[in-house]
Structure formats: structure tokens, C-alpha cells
2 protein chains.
Amino acid sequence: VTILGVGLLGASVARAMKKRSLCLHVTGHGRNEDNLKRAQSLAFIDSYELDPAAACQDADLVVLATPIEMFTGLMEKIAGSLKQGAVLIDVGSVKGSLYRDIVRLTPQGVSFVGCHPIAGGERSGIDASDEDLFEGALCIITDETDSPALGKAEYLWKRLGSSLEYMGADEHDRVYALVSHFPHLAAFALVNTVGEGNGDALRFAGPGFMDTTRIAMSSPELWKNIALMNRDHVVELVDRYIKQLESFASCLRDNDGERLEDLMEKARALRSSINGR
Amino acid sequence: VTILGVGLLGASVARAMKKRSLCLHVTGHGRNEDNLKRAQSLAFIDSYELDPAAACQDADLVVLATPIEMFTGLMEKIAGSLKQGAVLIDVGSVKGSLYRDIVRLTPQGVSFVGCHPIAGGERSGIDASDEDLFEGALCIITDETDSPALGKAEYLWKRLGSSLEYMGADEHDRVYALVSHFPHLAAFALVNTVGEGNGDALRFAGPGFMDTTRIAMSSPELWKNIALMNRDHVVELVDRYIKQLESFASCLRDNDGERLEDLMEKARALRSSINGR
């Protein structure tokens, strides 16, 4: 198994597979040699390679787990060294055209299956990795290719404890802009709004504010790239959110308590309907 | 002790005082007799009165714990029946001009201390009440009156387990618009935005979305009134939030990853600085 990008998700996949005896040898590749050395000393990986092509040479399974904006460049580097019959999966949060680029760059005889495990919180890096990260989590399979490796990818995620859902790459990006990519942007913007108002006021924040803004502690590098790579959907949602906020503000300006309560009740009912699933 | 409004906070104050033997008899008053009967049968209160003036007649401590928009009307009704030497406190989330109205309507010989316990989550009503709700919580005292009852109010909240902070009524409203009232509005609006996009997508929401929108399950009746009674501050913040969101959207439109990451990093640093306090 070769893990390209030994961070939160890459290290967790490696550790989860090792724990469940699903692999014999894990090779790691990444930009930061110190991080790779550390992952090796912690036995998250067995060896590492700084050259991605060399890292993939004998792998039966290759996992694309770097920041998503590096996927295309990596594919160009590793395409020639992927073994015949190898299975390639990614764990990226954006699919869409990126998914199609990977499909296009996947050589004959290698099978690619797009995967998005819905796991991991605002923490990143190998210290946040967890051998049980995927237990009870959802994993989205964006299978548009009828890849022969689909069964293998399904087997892997199920053994790691995940349940599977299937959707096309574009549908995936529309759905995850709604429930994840846009809400992250909203949380970052909310913290900045409150911070600009009066940074000192933050010490009076209660558990509600803490929950609402927890995801604003997520990695800016990661979320910048997710937002940019799914920007059409995200921008559309920000525009719609601004319209919603303007509706709320106009209720306040007009002192229209009835309409304001209706808007809040609509949200309360919707949010409550998915609580405690 | 008389509790005006036997809901989450009113019932919790009553139960917390009883548990700590801080009172001999608790009289409850409210609009809903069934609720009062239930509170009595659960021994949260010892008796109840449907007439607020009668409820306050012999009370040493009167707690204003109804929805905030009823405070002024209640004060007009009870002013004549408050005992000389009685202490009056409120537990409302908005102070400002409402605080000054209560001060103005408080008769000679009665002392009012404005209080805002920062406790309770998205649940409301007596079933969500808790005799330890105020343990470890913050309570804001908006003491602008040098009330002789200040020491008594401080003693009460400390005995209930709270730590105290002091600020003026207007400062209170500015601070809580920032860390609570405006974030609630933002969360309600966010759920509506996602729901309008595709209600079905909500089933793919992960823990980040759940945290971010938890406060959108709060009582619309309560939060409508809080937002309206603090509307100048809240509207200003919604306007500023819209400007922040427009900055984020323009980074996406311009494909300006560097500026986008700067905005996110600013939020991450600010939010992380108050984490785990």
C-alpha cells in the first residue's frame, strides 16, 4: 500500500489497515521528510519515498491523500510507475472536474475509484490521525466509471468500519458545498465579524458560540483549496446566504416579529429533523 | 421566593435554590396553568399564582424569568405588591433600555439587580431545567444602580456555582449581540440556505454541520424577541457579516487563494485563541 500524503487522512488509512491486517507494507510519500520520518518512527508507515513515482512502483493499492490541488500534478508523475492491476483511490473532499482529471490520467490496467470518507474534524496532521477514524463514518463513492476495482474499494471501507453511499462526482460537489464547504466559509466569516467587532468580547462566548464556530479552527490551507476547487457551488451558496441574512435583517428593521419567528421556525424544524440521527 | 415565568431558567433557579436550602417556599407564576401544575407536581415550585401581583406579595426575592418582552408589563402589574426590602432580579438575555425600564418601574424600598446567567442550551421549558444549571457558568451583573441588594444577588449566584462578571447594560447588549444574538441569527439563516438548496442533502451532514447549526434548534419565540429587543446591535452585525461574506466570495470569484487563506487564517487564529478556556 502506498499513501501519497501522510496527514490526518493518509495516516489514518494506513493505521486502520495495519490494525485490521489488511496490508503487508505501507510506503509513505509526502513533501515534508521530517513528517515522514516521524510517521515511520510511530509505525504509521513502514518506509517512505520522497519521489512519488518510486513510492508507487510495487503498490497494489495507492491512496491519494495529499491536499487536493496536488492530485493532478501527482497523477502526472506516478502514472508511468503504477503497477498493472493496481487500485487507485483518493480521499478528497472535492470531486467534479478533478475526479475526471484523475480518471483521464489513470493508465490502462489501473483502476481508479473516487472516495470521500466523511471523517476528521478541525484538527489536521498525523498527530490527529486515528486507527478507528472511519468506524461508523460515511464514505461517499463517486463511481462513474464502473471500475473493476469498485468491489475492492467497497471491501476496504467496509472493513475500516464505514457505511457507503454512492453519487456522481458533480452531485457530490453540490451536496458537500451545501453541508460542508459553504458552512466552513460561513464559520470563518462569522469569527472574523465578531473579532472585528471586539476581540475582547470573545471571552464572554458561551458553548453555543463555541459549537457554531468550531469548524473555523480547521486548516486554512485545506479549506482554501476545497472552496476554490468547488467555487461555483460555494459562491452560489454564499450569495443565497446573503439574501437569507438580508431577509432576517429586514424583519428586524421593520420590527416584523411574526415574519422573523416564521423564518426561525422553518430553520428550527429543518435542523431538528436531522438531529440525533 | 417568587419565580415569574417557570421555564428553563425560572425552574432551574427554583430547583437550584431548593437543592442548596436557600429558600423556604417557592411560588411560581406563569401564563400556562398546566405547566405550573406540572412544575408543582415535580416539586420545582411549592405553589403557584395566576395573578402576578398576588404571586409577589410576600416574596423576599422575585425573579423575572418570563420571555423578556413581558418584563415591562409584568413590572407594571407587580410594582404595587412588592414587599419593602424585597430584592428583584431578572435573568434576561437583553438589558439596555429594558433594564432602565425595570429600574424606573421598581418602587422605592425595593432593590433591582440586573442579572444574565450564561446557561442553558437550545432546549427550553421545565423539562430542560437542571438544579445544577448554573454550576461553572458565568453570570453577568449589569449593575448601574449601586443597588443595596447587589451583595445578595452576588451571594445567590455564587452559591448556585456561578462566577460573576460586571458590565453596564449597554455594554452587555453590545457584547452579547456579538457572541450570542447575532450568531443565533446566522445559524438560523444558514440552515434555511442549505434547506432551500436541497433539503435531502441534509442527510449527508457530518458532525461539523451539526455543531455549526446546533443553536438553530433554539426556541424561535425566545430568539425572535431577543433579536428584536437588541436589534440595533444585531442588524449592524448582520450588515458587517454580509460584507465579510462578500470578501470571501470575491476571493473565490477572483481565484485569489492567498487572500482567501489570509481571511481563514485570521479566523482560525482568533477562534483557536479562545478554545478550551
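The values are calculated or read from the model by the stated rules, or taken from the named source; none is laboratory data. This is a predicted model, so every value here is computed, not measured. No Cβ is skipped: glycine too gets one built from the backbone with ideal geometry, and neighbour counts run over all protein chains shown. For accessibility, only protein heavy atoms count, side chains too; no ligands or nucleic acids. Shrake-Rupley method; radii C 1.70, N 1.55, O 1.52, S 1.80 Å.
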> Can you work out ³J(HN,Hα) from phi for every residue in segment B:62-79, in order, using Karplus 6.51 cos²θ - 1.76 cosθ + 1.60 and θ = phi - 60°, giving whole Hz and x for Gly and Pro?
Replying inline: 10, 10, 7, 10, 7, x, 4, 5, 9, 4, 5, x, 5, 4, 4, 6, 8, 3
> Which distance in Å, rounded to a whole number, links the C-alpha centroids of segment B:113-155 and segment B:223-277?
Replying inline: 29
>> Spelling out what I want: for every residue of segment B:110-115, take phi, set θ = phi - 60°, compute 6.51 cos²θ - 1.76 cosθ + 1.60 (Karplus), and round to whole Hz; glycine and proline get x.
In response: 10, 10, 10, 10, x, 9
> Going by a 1.4 Å probe on protein heavy atoms, which residues of segment B:166-192 end up with at least 50 Å² less accessible surface in the whole assembly than in their chain alone?
Replying inline: B:Leu178, B:Val179, B:Leu185, B:Phe188, B:Ala189, B:Leu190, B:Asn192
> Given label points at 7 Å from Cα along Cα→Cβ, what nm distances, shortest first, separate A:Asp130 from the same residue in every other copy?
Replying inline: 2.2
>> Relative contact order of chain A, please, whole-number percent, based on alpha carbon pairs below 8 angstrom and at least 6 residues apart.
In response: 16
> When DSSP assigns beta bridges and you keep just the ones with both residues in the protein assembly as shown, what percent turn out antiparallel, to the nearest 5?
Replying inline: 20
>> Tell me the mean residue ellipticity at 222 nm calculated for chain B from its helices only (DSSP H runs of n ≥ 4, each -39500 (n - 2.57), averaged over every residue, nearest 500).
In response: -15000 deg cm²/dmol
> Which whole-number value in Å² is the accessible area per residue of the protein assembly as shown, probe 1.4 Å?
Replying inline: 39
>> What is the angle, in °, between the Cα long axis of helix A:257-273 and the longest principal axis of the Cα atoms in chain A? Nearest 10 is fine, range 0 to 90.
In response: 30
> Once you list every other residue whose beta carbon is under 12 Å from the beta carbon of B:Pro107, what net charge do they have if Lys and Arg are +1 and Asp and Glu are -1?
Replying inline: +1
> Shortest first, in nm, what separates the label point of B:Gln40 from those of the same position in the other copies (7 Å along Cα→Cβ)?
Replying inline: 7.7
> In segment B:27-99, carbon and sulfur make up what percent of the accessible area (probe 1.4 Å)?
Replying inline: 45
>> At 7 Å along Cα-to-Cβ for each site, give me the label-to-label distance between B:Lys83 and A:Arg104 in nm.
In response: 8.2
> Check B:Phe112: other-chain or 5+ apart residues with amide H under 5 Å from its amide H, H built from backbone geometry?
Replying inline: B:Leu88
>> For the pair A:Asp256/B:Asn32, report the inter-label distance in nm, with labels modelled 7 Å from Cα in the Cβ direction.
In response: 2.8
>> Treating the point 7 Å from Cα along Cα-beta-carbon as the label, what are the nm separations from B:Lys158 to the other copies, to one decimal?
In response: 6.3
> What does the charge count near B:Val194 come to, summing +1 for each Lys or Arg and -1 for each Asp or Glu among other residues with Cβ under 13 Å from its Cβ?
Replying inline: +2
>> Tell me the total accessible area that B and A bury against each other, 1.4 angstrom probe, in square angstrom rounded to 100.
In response: 8000
